[in-house]
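Here's the structure we're looking at; comments come further down.
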Amino acid sequence: PTARHRPRTARNPGAMAPARPLLTARARQFSQSISECGKRKEWLRSIGMLSEMREKQLDPDVVCYSAAISACEKGGQWLQVYALLSEMGQRGVIPDTITYGHAIRACGGNGAWEAAMRIFRGMQQRCVEPDDTTYLRVAQACRENGHWQTAIDTLPHMRQQRLMPSENNYAAVLLACGQAERWAEVLDVLHDMRRNRALHSPAGYAAAIRSCSRSLIWQEALAVFQGMPQRDSLQASDWVRNAAIGACAVGHHWLGALKLLREMCQQRVRANEISFDSTIVACDKARQWPEALGLLQEMRSRRVMPTHATHTKAIRACGDGMFWQEALCLLPEITRLHSQLEHVDYLAAMGACGKGEQWNAALELLAEMRMRSVDPDSQDCTAAMSACTAGGRWREPLDIFFEMRQSHMEVDVVCRSVGVLAYANAGRWKEAWCTMSEMQQLKMEPNQLGYVGVLKACALGNHWQQALDTLSDMRRWRFESAQNSHNAAIHACEKGGQLQAAYGLLCDMWHQALAPDAVAYNAVMRTSGRLNHWQRTLDVWAEMRQRQVEPDSLCYESAAIACTQGEFLEVQGKYNATFEPGRRGPKQRGVEMRVETNLLWVGALGLLSEMLQTRVVPQWDLLGRMYTASMLACRRGQQWQAVLTLLDDLHSRHVEPDVYACGAAMTAYQRGEYWQHVLGMLSDIRGRALEPNGPSINAALGACTMAKL
């Protein structure tokens, strides 16, 4: 027999706890009744029966006390357990190993780890030798309270007591180390477990795999699973396979999780809700949201009842995958299967609506919570505010923010950060600053969303230096740099006319591998345009095209306006255009060449031609401004025919020219001695209640001179 099963002789036989005495018939009845109370968790009644025994002149022995302690353990009453042990000492009743085991588990399982260790030390002081079950209770108590080192120490202590650690002892130590994410210790214990051949049951393999998973060494967990012996009893165990699928979920290894799930079905191992739950989580973490939703449908087809947690995870997967409609469709199914929606369901659904920018649906869910008497908490209100903010709304999140404060609801850092962003979106930068100051007074560090709101407030309040300081604070607090935060800081520099700072932030984005978008480039181009630095504007445009950043219509407008500000174009370009009558836009030759001292009107026409031929669809007012800029550039280059061709093309698009475009066209008509057209356009300007500008008036005077009026 192994050392674990050999009868042991104590070093001091007289100090061992006495064997349990034979009970009288009356005492045996009380003992059985106390044990029945323990099964029903009626700990108070079990203590009352001990008092009843004393009243009937029956002294409770160790068996009765053990039964009462077991009842208190099952009822979670560790203080009563401690009191019963003290009472046993006062009455001269020596606890045995079973009694101490129940007491240690009662204290350790209810967070009283120090009390459990005092009981264990008291057991050793009374020379009551612990067995492997006692050490198991100590390791479990250490696991429940995060004392992984003490759990490891139980293994050498057992060997000193000539006890061979069982698989359950190793499993408890592994779980304690895994819960504390001590991956090196997990590997050491696992190696010791294999060396002593203590890994042989499904429970042991499942504990080893879960410990590796919790320690974030999921590859080792799969190695444990793959190293199992090819015995049908082990391979068919759903415990082990579920643990392996959970390891795949930790490592975002969704293909491995799906493979294990399919193998369970092929080997006739019934996949339960835990199997599907873990696989759905693995697909969600790996951003394989269609697979996650497909697994939920497969659960229905296999008649596996999805748990409430399964539905909640599926809703979160829908939110991560931007499937907000599917997330809302799952809510009635939860109501049908589980009778009532909970906070986590509404929270996940509102999160899905927020990622889909469906602010109206999020507000409806918040109203539904109140209608169903599910009081929204701070997280629910914050989720609704975030959804409204993502949808470009500011009034609704501010209303929720005020309501939370009036109802004295807890307003955490996330909620306040969303409030800062809502104030900034509303143009109320002073309130945004006040909310931020309030957070600093409460020693709350805003999240990234709050910092973006502060940067927007800086732009609205023309505080570009504070925007740069805020961006530095984000780096100091090690917030991950984001595109929207840099865009907001560049916008603040634009408002303050700080071209050098704006361009420096643009370069910083490339250094941090953030890949500036068209919004960032356009903000820098607008800044240089307002300072009449047309060369810098065109340089930024050329850099944007060189880095293959797709421009939007506003970028085209900024570049076209730059062409109207300068006299010569001295950049590398490929715009050289001519016009043909009757075409809806310019005809681009598309020949790349170096344009030196070429007139800027060529570049303006090339920009207009490219914008019309790409997929950029500008608004009508922006399209009109783009044509106006091109016409002004052509007027400056004295390309009168090009001006008139642009005017015809503008009319064919059913866009009314503004007063500047009319002035350029009137100048072109006047240079061509079409005085009737000049006067006709002047009448049209007045008919639209527009004020003629200087070029329009000069062209009209010239036309009157030609007509001798």
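The values are calculated or read from the model by the stated rules, or taken from the named source; none is laboratory data. Since the structure is predicted, the reported quantities are computational estimates derived from the model, not experimental observations. Positions of Cβ are generated from backbone atoms using ideal geometry, with glycine treated the same way; all protein chains shown enter the neighbour counts. For accessibility, only protein heavy atoms count, side chains too; no ligands or nucleic acids. Shrake-Rupley method; radii C 1.70, N 1.55, O 1.52, S 1.80 Å.
Measuring with a 1.4 angstrom probe and ignoring ligands and nucleic acids, Ile119 comes out at about 10 Å² accessible.
At 1.4 Å probe size, with the rest of the protein present, what percent of the exposed accessible area of the chain is carbon and sulfur atoms?
Of all accessible area on the chain, carbon and sulfur atoms account for 50 percent.
The residues of the range 120-177 present an accessible area of 41 Å² per residue when probed at 1.4 Å with all protein chains retained. When the surface is traced with a 1.4 Å probe over the full set of protein chains, Trp183 keeps roughly 140 Å² accessible. Which loop-located trypsin sites (Lys or Arg not before Pro) does the range 286-326 contain, where loop means any DSSP state but H, G, I, E or B and the Cβ has at most 15 other Cβ atoms within 10 Å? Hits after loop and neighbour filter: Arg287, Arg302, Arg303.
When ligands, DNA and RNA are left out and all protein chains stay put, how many square angstrom of accessible area per residue does the range 435-509 have with a 1.4 Å probe? Counting only protein heavy atoms, the per-residue value for the range 435-509 is 46 Å².
Entry note, the chain: relative contact order of 4 percent, from Cα contacts under 8 Å with a spacing of 6+ residues. Modelled this way, with points 7 Å down the Cα-to-C-beta line, the labels at Gln124 and Gln641 are 10.4 nm from one another. Heavy-atom accessible surface of the range 620-709, averaged per residue, reaches 51 Å², computed with a 1.4 Å probe. In order along the range 296-307, the Karplus-derived 3J(HN,Hα) couplings, from 6.51 cos²θ - 1.76 cosθ + 1.60 at θ = phi - 60°, round to 5, 5, 5, 4, 5, 5, 8, 6, 9, 5, x, 6 Hz, and Gly and Pro are given as x.
Taking 7 Å steps out from each Cα toward its Cβ at Arg336 and Asp132 produces label points 5.1 nm apart.
Hey, with R₀ at 30 Å, roughly what FRET efficiency would Arg194 and Gln267 work out to, going by the Cβ-Cβ distance, to 0.05? With a Förster radius of 30 Å, E is 0.75. On C-alpha positions alone, give me the angle between the axis of helix 343-355 and the longest principal axis of the chain, in degrees, nearest 10. It works out to around 20 degrees.
By the helix-only formula, in which each DSSP H run with n ≥ 4 contributes -39500 (n - 2.57) and the sum is divided by residues, the chain has a 222 nm mean residue ellipticity of -22000 deg cm²/dmol. Bridgeable aspartates and glutamates around Lys39 (alpha carbons under 16 Å apart, same-chain partners fewer than 8 residues away excluded): Glu73. Between Glu87 and His651, the distance separating the two model label sites (each 7 Å from Cα on the Cα→Cβ line) works out to 10.6 nm.
In plain terms, the bigger the Kirkwood radius, the slower the diffusion; for the chain, with that radius from Cα pairs, at 4 °C and 1.567 mPa s, Stokes-Einstein puts D at 40 µm²/s.
For the pair Glu364 and Gln613 in one chain, pulling the backbone fully straight at 0.36 nm per residue adds 85.4 nm over the alpha carbon distance.
Rounded to the nearest 10 degrees, the inclination of helix 553-565 to the longest alpha-carbon principal axis of the chain is 40 degrees.
Straight-line cross-link reach from Lys74 at under 12 Å between alpha-carbon atoms covers these aspartates and glutamates, not counting any fewer than eight positions away in the same chain: Glu36, Glu42.
The trypsin sites (Lys or Arg not before Pro) of the range 30-80 meeting both criteria, a DSSP state outside H, G, I, E and B (loop) and at most 13 other C-beta atoms within 10 angstrom of the site's C-beta, are Arg40, Lys56.
Under 21 Å of direct C-alpha separation, and excluding same-chain neighbours fewer than eight residues apart, Lys313 reaches these lysines: Lys259, Lys285, Lys355.
Once the Cα atoms are used to define both axes, helix 308-320 deviates from the longest principal axis of the chain by about 20 degrees.
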